[in-house]
1. Would you check which residues across region 178-204 are closer than 15 Å to Lys142 by Cα and among the charged types (D, E, K, R) and list them?
2. In region 120-179, which residues are within 30 Å of Pro85 (Cα to Cα) and among the small types (Gly, Ala, Ser)?
3. Can you name the residue in region 136-165 that is among the polar types (S, T, N, Q) and away from the ligand (no atom under 11 Å from the Cβ) and, of all such residues, is modelled with the lowest pLDDT?
4. Would you call Glu53 assigned to a helix (DSSP H, G or I), modelled with pLDDT of 95 or more and among the acidic types (Asp, Glu)?
5. What do you reckon, is Ile92 away from the ligand (no atom under 16 Å from the Cβ) and under 20 Å from Arg187 (Cα atoms)?
6. Can you go through Arg76, Arg97, Arg91 and tell me which one is closer than 22 Å to Asp163 by Cβ and surrounded by fewer than 24 Cβ atoms within 10 Å (Cβ to Cβ)?
7. Does Leu208 meet the test of being part of a helix (DSSP H, G or I), surrounded by 13 or more Cβ atoms within 10 Å (Cβ to Cβ) and touching a residue at least 12 places away in the same chain (Cβ under 8 Å)?
Amino acid sequence: MKAKGLFIVLEGMDGSGKTSQLEHIKRYLNEQQIDFLSTREPGGISVSEQIREVILNVDNDMSGLTECLLYASARREHLIQKVIPALQAGRIVICDRYVMSSLAYQGYGRELGKAVLDINQLAIDVDGQQYWADMNIYIDVKPEVGLERIMSKSGEREVNRLDLEALEFHHRVHQGYMELSEQHAERFVMINGEQDEQHVFNDIKQVLDTLIQQYHV
Ligand code: TYD
């Protein structure tokens with residue numbers, strides 16, 4: 001059975017302001033009295049939060065492929081236990097990161113290429129249906145801008161294992177998002193994250209309003 005809800009994913013480089021924008025989105029939907037489920041990756045359910053700790057722990061060393069498989073494992077279980085039931089109940093799901101993050105970070109950042117797509121196609125296939133997001137809202141900032149924001153806020157937000165990667169890694173991730181925005185144009189909208197916070201949210205709000213109208217959720 002095709003899930004009838006609306007699956008929206010927020011994507012962006014580290015330091016893109018995604019977390020603040022999620023707060024704006026939640027406040028806006030609450031004000032409109034629109035029912036939604038907000039969740040995140042990696043995590044969102046107990047098993048996946050435990051996998052998250054393993055992946056992001058700065059003391060852990062692992063190969064890119066192991067990292068990719070761990071993200072995919074966390075993703076599949078979160079999808080089965082939390083996302084699909086909500087979609088099948090006709091709800092809007094707002095997820096902080098999903099498959100595009102793996103394609104950008106592991107595919108381009110770790111240079112694992114097509115293997116990441118293959119692994120993820122398997123991970124998001126449930127009962128013969130692949131659960132792609134209906135829309136990826138990608139907040140774009142240049143890698144230097146994102147990293148600068150993270151480092152200046154390091155007191156408020158814990159710096160994780162991926163933040164510590166070299167600038168070239170973040171450049172490859174950014175290039176990845178650019179290419180993915182073309183390859184998946186029908187489910188990808190790019191928002192300029194270098195504007196001030198309110199302008200970024202205004203752009204996101206327009207996308208949300210259109211989606212909600214289209215899907216009649
Ligand atoms: P998090 O602290 O949630 O960062 P952010 O607030 O930027 O989302 O950590 C998630 C990190 O995991 C982030 O650096 C992106 C990375 N990531 C991947 O590399 N692949 C993935 O599939 C996902 C979901 C996240």
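1. Answer for region 178-204, where residues must be closer than 15 Å to Lys142 by Cα and among the charged types (D, E, K, R): Glu179, Glu194, Asp196.
2. Residues of region 120-179 within 30 Å of Pro85 (Cα to Cα): 120-139, 177.
Matches in region 120-179: Ala123, Gly128, Ala133.
3. So the first thing to find is which residues in region 136-165 are among the polar types (S, T, N, Q), and the list is 136, 152, 154, 160.
Retained after the next criterion (residues that are away from the ligand (no atom under 11 Å from the Cβ)): 136, 152, 154.
On the way: Asn136: 98, Ser152: 88, Ser154: 69.
So, considering only residues that are among the polar types (S, T, N, Q) and away from the ligand (no atom under 11 Å from the Cβ), the one modelled with the lowest pLDDT is Ser154.
4. Yes: the conditions hold for Glu53.
5. Values: away from the ligand (no atom under 16 Å from the Cβ): yes; under 20 Å from Arg187 (Cα atoms): yes.
Yes, satisfied.
6. Numbers: Arg76 fails: closer than 22 Å to Asp163 by Cβ; Arg91 fails: closer than 22 Å to Asp163 by Cβ.
When all the criteria are applied, what remains is Arg97.
7. Details: part of a helix (DSSP H, G or I): yes; surrounded by 13 or more Cβ atoms within 10 Å (Cβ to Cβ): yes; touching a residue at least 12 places away in the same chain (Cβ under 8 Å): yes.
Yes; evaluated as a whole, the condition is true for this residue.
Table: residues versus (1) within 12 Å of the ligand (Cβ to nearest atom); (2) on the phi > 0 side of the Ramachandran plot.
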site: Gly17; (1), (2): yes, yes
site: Lys26; (1), (2): no, no
site: Phe36; (1), (2): no, no
site: Gln50; (1), (2): no, no
site: Asn60; (1), (2): no, no
site: Leu70; (1), (2): yes, no
site: Ala74; (1), (2): yes, no
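The values are calculated or read from the model by the stated rules, or taken from the named source; none is laboratory data. Values in this document were obtained by computation on a predicted structure and should not be read as measured data. So basically every Cβ, Gly included, is an ideal-geometry build from the backbone, and we count neighbours across all protein chains shown.
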